[in-house]
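All remarks here apply to the structure that follows.
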Amino acid sequence: MDDATHGPLAGFTVGVTAARRADELIALLRRRGAAVIHAPALRIVPLADDGELMAATKELVDNPPDAVVATTAIGFRGWIEAADGWGIGEQLLERLRTTELLARGPKVKGAVRAAGLVEAWSPQSESLAEVLDRLLAGGVAGRRIALQLHGEPLPGFVEALRDGGAEVVPVPVYRWMPPEDLAPLDRLLDAIAVGAVDAVSFTSAPAAASLLSRAGERGLREAVLEALRGPVAAACVGPVTALPLQAEGVETVQPERFRLGPLVQVLCRELPGRARVLPVAGHRLEIRGHAVLVDDGLRPVPPAGMALLAALARRPGWVVSRAELLRALPGSGTDEHAVETAMARLRAALGAPRLIQTVVKRGYRLSLDAGEGEGWSVGTVVR
C-alpha cells in the first residue's frame, strides 16, 4: 500500500474514549487515514473547591510529610493552583521544597519544575510500580508519604506502603465522573458490539472501567467483551490502563513508551496486520474495516457490501449461497433480491467487477487466483 497517499490506517475506524488530550489523539489518527468515533468515557472534575482536598493540603502544610508522590502533570498543576486560590500556595511550595518529591515520569517532572521545584527522582517509564519499588527499597517504616491521586484510588500502591509501615496521606486533586452526555459513548458501544469499529483506544484505566460499566447498564457487556476479545483491538497507552480490560480476559496492545504517538504507531502496525489479503483475479485485495485496497487503490465500501465481502472472504474460492449472504447482510430480511442489489453496489465500489463471480443458481464466489485456494466449487460462471 502507498502509505504516503492513503495512510496506514486508511479504511479503519478507531474509537477514542479519552476526555483529556482527545483532540491530539484524534488528529494523530486522522493524519494516518483513520476514521474516528470520539466518545469520552469520563469527564474530569477538578476539586479546587472540595473540602477533602483543602483539608489534606492544610494538613500537609501544618504537618510536613517525609515524601510526596506526584502522579499526573494535570493533577499536580491543579493542586498548586487550588492552594494558591486558598491563599496557602507558597506554604505548600515551601513544604514540597523540603521533602522528598517523586515525580511519576517526564510529564510530571515538567509540571514539578514549572512550579519552581526539583524532583528527587523520576522514572523514565512513567510506571508507578517503579516509584513504589524505589520507596520500598529505601524503607518506608515510620514515614509519612503524601500521594497525589489521579482520579481513582490506588489500593495496591497504598496497601504496599502501609504494609511496609508507612502512613499514607491521600491527596485527591480531581475525580473521574461519567460523561454528562452519554449519547456518544452509547453510539460507540453499539458500534463495538456489532464490530463496526476496528479498534478502541484507552488512555486511562478509569475510562476502560467506565466503558465496561456503561455497557453493563445497557445490557451490552458480554457483546462488547466478546468483540474486544476478538475482532476489535483494544489499544491501551500502558499496562495500568489495560488492567480493567485484562481482568475480563481482553488481550490488549500497548506501546513500549507510554505516549499518544507510540500508541498510534502500535495501531498503525496492528490493524493492517489484521487485514485479510487475498490474490483475486490478478489483483491484490486487502479487506479493511470500511474500505478495500485493490492493489494500491483505496475503495470505500458501504456496510452491506463489506458484510458480503467478509462472508465471501471467509471461504475464498468457494461458492457462497444467496441465502447465506442474505443472513450476513445487516438487518437482513427474507428477499434474496437484497443480495443482488448489495452485490451490484459492492462490485461498483470495488471498481473491478471480475473480482466476484456469479455462479448460476448457486451464489457468488471470489475469483481467487489459480493455485491459491482449495476446494473450488464447480458451477457455471457468469463474468
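At a glance:
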{"read-out": "Within the accessible area of the chain (1.4 Å probe), percent carbon and sulfur", "value": "51 percent"}
{"read-out": "Residue-wise HN-Hα coupling along the range 97-110, computed from phi with Karplus coefficients 6.51, -1.76, 1.60 (Hz; x: Gly, Pro)", "value": "6, 9, 10, 6, 9, 9, 10, 7, x, x, 5, 5, 4, x"}
{"read-out": "Shape category assigned to the range 123-256 from the gyration tensor of Cα positions, a/c cut at 1.5", "value": "prolate"}
{"read-out": "Ser127-Arg97 FRET efficiency (beta carbon distance; Förster radius 22 Å; 0.05 resolution)", "value": "0.30"}
{"read-out": "Cα gyration tensor category, rounded, prolate or oblate, for the chain with a/c compared to 1.5", "value": "prolate"}
{"read-out": "Under 13 Å from the Lys58 label point (7 Å along Cα→beta-carbon), backbone N, the range 81-95", "value": "86-88"}
{"read-out": "The range 1-155, accessible area per residue, ligands and nucleic acids excluded (1.4 Å, Å²)", "value": "43 Å²"}
{"read-out": "Tensor-based shape of the range 185-342 (alpha-carbon gyration tensor, a/c under 1.5 rounded, otherwise prolate or oblate)", "value": "oblate"}
{"read-out": "Calculated SAXS-style log₁₀ I(q)/I(0) at q = 0.16, 0.20 Å⁻¹ - the range 1-96, Debye, Cα scatterers", "value": "-0.74, -0.93"}
{"read-out": "Alpha-carbon Rg/Rh ratio, for the range 224-295, with Rh computed the Kirkwood way", "value": "1.08"}
{"read-out": "Mean separation of Cα contacts under 8 Å, 6 or more apart, over the residue count of the range 38-186: relative contact order %", "value": "34 percent"}
{"read-out": "Value of relative contact order over the range 162-262, rounded to a whole percent, pairs C-alpha under 8 Å and six or more apart", "value": "26 percent"}
{"read-out": "Rg(Cα) / (2.2 N^0.38 Å) computed for the range 113-174, rounded to two decimals", "value": "1.15"}
{"read-out": "The chain: most fluctuating residue of Val200, Val277, Val360 per GNM, C-alpha cutoff 10 Å", "value": "Val360"}
{"read-out": "Quotient of C-alpha Rg and 2.2 N^0.38 Å, computed over the range 62-104", "value": "1.11"}
{"read-out": "The chain: angle of helix 73-85 to the longest principal axis, Cα-based, in degrees nearest 10", "value": "40 degrees"}
{"read-out": "Magnitude of the charge dipole, the range 188-311, Cβ model with Lys/Arg +1 and Asp/Glu -1, debye to 20", "value": "140 debye"}
{"read-out": "Three semi-axes of the equivalent ellipsoid, the range 258-316, Cα gyration tensor, whole Å, largest first", "value": "25, 13, 11"}
{"read-out": "Radius of gyration and Dmax over the Cα atoms of the range 297-369, both given in Å", "value": "11.2, 34"}
{"read-out": "Segments 232-240, 210-218 sorted - mean Cβ within 10 Å per residue, highest first", "value": "232-240, 210-218"}
{"read-out": "Percent of Cα pairs exceeding the 21 Å cut-off, where the set is the range 69-158", "value": "28 percent"}
{"read-out": "Rel. contact order, % - alpha carbon contacts under 8 angstrom, at least six apart, the chain", "value": "15 percent"}
{"read-out": "Convex hull volume of the range 140-200 per residue (C-alpha atoms, cubic angstrom)", "value": "104 Å³"}
{"read-out": "Loop GluC sites (Glu not before Pro), the range 131-206, which have at most 10 other Cβ atoms in a 10 Å radius of their Cβ (DSSP)", "value": "Glu180"}
{"read-out": "Hypothetical label at Arg257: residues of the range 119-142 whose amide nitrogen lies under 14 Å (7 Å Cα-Cβ projection)", "value": "124-126"}
{"read-out": "Choice from Gly15, Gly87, Gly105 with maximal GNM fluctuation in the chain (Cα, 10 Å cutoff)", "value": "Gly87"}
{"read-out": "For the range 176-292, accessible area per residue (1.4 Å probe, heavy atoms of protein chains only), Å²", "value": "42 Å²"}
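The values are calculated or read from the model by the stated rules, or taken from the named source; none is laboratory data. Bear in mind that the values here come from a model prediction, so they are computed numbers and not experimental data. No Cβ is skipped: glycine too gets one built from the backbone with ideal geometry, and neighbour counts run over all protein chains shown. Surface areas here come from the heavy atoms of the whole protein model, side chains and all, with no ligands, DNA or RNA. Shrake-Rupley method; radii C 1.70, N 1.55, O 1.52, S 1.80 Å.
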